[in-house]
Amino acid sequence: MKILRVTWGLMLSGLIVSTAWSATPEKRVTEMELVLPPAASPVANYVPAVRVGNLVFLAGHIPRDHAGELMTGKVGVDVSLAEGQAAAKHTTLALLATLRQELGSLDRVKRIVRVEGFVNCPPEFTQQSAVINGCSDLLIEIFGDAGRHARMAIGAGSLPLDVSVEIAMIVEVE
């Protein structure tokens, strides 16, 4: 008897990434060679995560590149759509770092419930959803169907520290 291994592919930046859904989220992060940054400390009077029952509410997170530098600028002016999507992906890594710190392991995630994305952009920019896809696509790649979520993508005239995106998330956990 021949056993068929089923995989799922997701198009990210023109590359098809294939992931076996038998892997756990922690394994997928490792297989994708993603590096989660250290969980950020709050820069104002708030906490990065609040757990209520089986839900974790993650505060708005901002993007830092692999060197730890803020990813700044208005999408559509100073920053291209692709760079905005990369900023959303880096923000997602920061969110996951906070989530891992809160839970001990991403394998405890039952479902990504909601993503709230804000894009620093001029009034005429209308591709906020495409920018926040940088976050959504990565969550689906890591968590599979459990990564599919409700979402909003909003344009903002400015964001703290002139970052390109800010993203908050609500997660159901075991």
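Among 96-104, 145-153, 32-40, sorting by the average number of other beta carbon atoms lying within 10 angstrom of each residue, highest first, gives 96-104, 145-153, 32-40. Just one of [x] 18.3; [y] 20.2; [z] 16.4 is Kirkwood radius over Cα pairs in Å as worked out from the coordinates here. Which one is it? From the options [x] 18.3; [y] 20.2; [z] 16.4, the structure gives [z]. Taking Lys and Arg as +1 and Asp and Glu as -1, the other residues whose beta-carbon sits under 11 Å from that of Gly73 total -2.
Converting phi to 3J(HN,Hα) with the Karplus coefficients 6.51, -1.76 and 1.60 and the offset θ = phi - 60°, the stretch 143-157 yields 9, x, 4, 5, x, 6, 9, 6, 7, 9, 10, 10, x, 10, x Hz in sequence order, with x at every glycine or proline.
Stretching Ala150 away from Arg108 to a fully extended chain increases their span by 13.2 nm, per 0.36 nm per residue minus the current alpha-carbon distance.
Arranged from fewest to most other beta-carbon atoms within 10 Å of their beta carbon, Lys110, Lys89 become Lys110, Lys89. Taking other C-beta atoms within 10 Å as the exposure proxy, Ile140, Ile170 rank Ile170, Ile140 from fewest upward.
Please give me the summed charge of the neighbours of Ala168: other residues whose Cβ is under 13 Å from its Cβ, Lys and Arg +1, Asp and Glu -1.
Overall, the nearby charge balance is 0.
In the chain, the longest principal axis of the Cα atoms and the axis of helix 81-103 are about 60 degrees apart.
Looking at the stretch 56-174, what % of its DSSP beta bridges pair antiparallel, to the nearest 5? Given both bridge residues lie in the stretch 56-174, the antiparallel proportion sits at roughly 65 percent. Basic side chains Lys and Arg get +1 at the Cβ, acidic Asp and Glu get -1 at the Cβ, and with that the dipole of the chain about its Cα centre reaches some 600 debye. Computed from the C-beta positions of Ser158 and Thr30 and an R0 of 45 Å, the FRET efficiency is 0.75 to the nearest 0.05. Modelled spin labels at Glu69 and Asn45, positioned 7 Å past Cα toward Cβ, are 3.4 nm from each other.
Readers should treat all values here as calculations from the given coordinates under stated rules, not as data from a laboratory. What you are looking at is a predicted structure, and each value in this text was computed from that prediction instead of being measured. Note that we place each Cβ from the backbone using ideal geometry, even for glycine, and neighbour counts take in every protein chain shown.
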